[in-house]
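The values are calculated or read from the model by the stated rules, or taken from the named source; none is laboratory data. Just so it is clear, the structure is predicted and the values come from calculations on it, not from any experiment. Neighbour counts are summed over all protein chains in view; Cβ atoms, including those assigned to glycine, are modelled from backbone coordinates with ideal geometry. Just the protein is used for accessible areas: all its heavy atoms, side chains included, with ligands, DNA and RNA removed. Shrake-Rupley method; radii C 1.70, N 1.55, O 1.52, S 1.80 Å.
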Amino acid sequence: MKTLGCKVNTYDSDSLETQFREKGYHVVHDPKDADISILNTCSVTENADKEARYLLRRFKRENPEALIVATGCYAQTDSQKLLGMDDVDLVFPNQVKDRVADVADQQLQIKKQGQALTAPRIPEDVKPVSNNRQGHFKSSLKMLAADSNKTRAFLKIQDGCNGFCSYCLIPYARGASRSVRADEVKTEVRRLIDQGVKEIVFTGIHIGDYGADFDQAPTLTQLIAELFSWPDMVRLRISSLEPRELPEELLKVLAQRPELFCDHFHLPLQAGHDRILKHMRRTYTSAQYAETVAMAREYFPRANFGADVIPGFPGESDEEFQATVDFIRKTGLNYLHVFPYSKRPNTAAAKMPDHLDGSVVKERSRTLRSLSEELKESYVRGFFNETVSVLWEKDLDRSGRRVGHSLNYLDVVAPAGYEAIPGTIDQVKIKGFVENHRVLGLPQ
């Protein structure tokens, strides 16, 4: 199982792995050893599409006898392209992702008998991508057990988007916004706690929309308030929120349990100039974004703030790009996820004039990535010789040291020889960089 893209895809892949395990499969890490190779694709940029095609060809080249399956967002937005590849046996767009395990298992048994596959390469009830607009399907919300061996578990509470930003394919890739019912969310949170998970990450495409598709449903704020009333509630991280969907009411609830809330806010920015934001069809101005960050800092003064940024949007001038750089510095963001503008089919931006030369987009992307490195290093240095709470995970670094994360998402390793137990929380003193922006934490 190979996953590209966002945390929602990670959750979906974890769910698919659980389905296969229930059928007696186990996951291998080398495609050469697999009976079935599944690629859960992303389509946020043209490069993501290219990477998906490359990996699918590699899977088939390294293991011609394996059943090769493509699913995810690229399978939804350009299923015809994938069906045109001889390397791909089965294509499952997002709207039918919950069928992957059943159909792939059935077809593998047929393949092992030396017979031709009997299932269509794409389910017959899927509309051709050329006709596939958002209203034709709802996002997939199948609730499945997460891996009980994990110390941190993703939990998808919402999927899909009604936003239609001018550059974005997600409404076509994921369908209309849809929430998991609150009672199901609470049941899943209870199950994860009982299994020993120590941190739950709420994930979704547009989490701030949570509950809007139900009558009299709790809001995200009300849902979290109830969970934080549980005496045995574990740490909670919110993967991403739109900047206008972090109200003071929610901040007050989060601040009631500072030992549980992971003060790490990811607020997509995309651009720091109002003309570009307007043409992107974003729902805020740069001033409103800055106000949200400032308000959140009043409740969480040392929180880690990150943002998505899209350099090279059609018509973006040198001055407008510089305004974005200046805004990021002035607002005090701590890291960036940089997505160079990429023309996506069926989007409004694809039809706009004044698309920039690729070399300009690449140069602006390099500038922002360099800025992100600078901001991240500065933020992490601010915690040197301070004590933070770290949850140790299963992963080890290249030197065999245990890896963990603080509430505000500092990437920490334990000293060599210290037996940091996965799933335990230690108070550690941050002693300096180890590699990249990972730091050494000395247990106190």
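Comparing 361, 434, 100 in a Gaussian network model of the chain, where Cα atoms under 10 Å apart are tied by springs, the biggest mean-square fluctuation is seen for 434.
Label-to-label distance for residue 228 and residue 125 is 4.1 nm, based on points extended 7 Å past Cα in the beta-carbon direction.
On the protein heavy atoms, probe 1.4 angstrom, tell me the percent of accessible surface of region 362-444 carried by carbon and sulfur. Let's see the in-between values first.
Values: 1930 of 4250 Å².
For region 362-444, the apolar C and S fraction of the accessible surface comes to 45 percent.
In region 185-247, a dipole from Cβ-located charges (positive for Lys and Arg, negative for Asp and Glu) runs towards its positive end, and of 201, 216, 247 it is 201 whose Cα lies farthest in that direction. Separation of region 1-36 and region 89-106, taken as the distance between their Cα centroids, equals 12 angstrom. Under the criterion of Cα pairs below 8 Å and six or more residues apart, the relative contact order for the chain equals 10 percent. Going Cα to Cα from residue 186, which aspartates and glutamates come in below 16 Å? Please leave out same-chain ones fewer than 8 positions away. Within the straight-line cut-off, residue 186 pairs with 194, 199, 226, 232.
Counting Lys and Arg as +1 and Asp and Glu as -1, each charge on the Cβ, what is the dipole of region 362-441 about the Cα centre in debye, to the nearest 20?
Values: 13 positive and 12 negative charges, 52 e Å.
In total the dipole reaches around 240 debye.
For the peptides 106-116, 411-421, the ranking by mean Cβ contacts within 10 Å, running from highest to lowest, is 411-421, 106-116. Here the Debye sum runs over all C-alpha atoms of the chain as equal scatterers in vacuum, and log10 of I(q)/I(0) at q = 0.06, 0.10, 0.12 Å⁻¹ comes out as -0.27, -0.78, -1.15. Note on region 1-81: with neighbouring protein chains present and a 1.4 Å probe, carbon and sulfur make up 43 percent of its accessible heavy-atom surface.
Evaluate Rg over Rh across region 1-129, taking Cα atoms for both radii and Kirkwood's formula for Rh.
Values: Rg = 13.3 Å, Rh = 14.5 Å.
That ratio equals 0.92.
Comparing 40, 63, 334 in a Gaussian network model of the chain (Cα springs below 10 Å), the most mobile by mean-square fluctuation is 63.
Each DSSP beta bridge with both residues in the chain is either parallel or antiparallel, and the antiparallel ones are about 35%.
Per residue, the chain exposes an accessible area of 44 Å² to a 1.4 Å probe, with every protein chain left in place. Over the residues of the chain, the helix contribution to mean residue ellipticity at 222 nm works out to -10500 deg cm²/dmol, using -39500 (n - 2.57) for each DSSP H run of at least 4. Accessible surface of residue 326, taken over heavy atoms with a 1.4 Å probe and every protein chain present, rounds to 80 Å². Placing unit charges on the Cβ atoms of the charged side chains and taking the dipole of the chain about its Cα centre, the candidate lying farthest along the positive direction among 76, 441, 383 is 76.
Ignoring lysines fewer than eight residues from residue 431 along the same chain, the ones with Cα atoms less than 25 angstrom from its Cα are 198, 376, 394. Comparing 432, 208, 400 in a Gaussian network model of the chain, where Cα atoms under 10 Å apart are tied by springs, the biggest mean-square fluctuation is seen for 400. If only the Cβ of Lys and Arg carry +1 and only the Cβ of Asp and Glu carry -1, the dipole of the chain around its Cα centre is close to 440 debye.
Identify all lysines with a Cα-Cα distance to residue 7 below 17 Å; exclude those on the same chain that are fewer than 8 residues away in sequence. Hits, sequence-local ones excluded: 97, 142, 150, 156. The phi-based Karplus calculation (6.51 cos²θ - 1.76 cosθ + 1.60; θ = phi - 60°) puts the 3J(HN,Hα) values of region 150-163 at 7, 7, 10, 10, 7, 9, 7, 9, 7, 8, x, 7, 9, x Hz, whole numbers, x for Gly and Pro. Summarise the accessible area of region 296-347 (1.4 Å probe, protein heavy atoms) by the percent that is carbon and sulfur. About 51 percent, which is the carbon plus sulfur part of the accessible surface.
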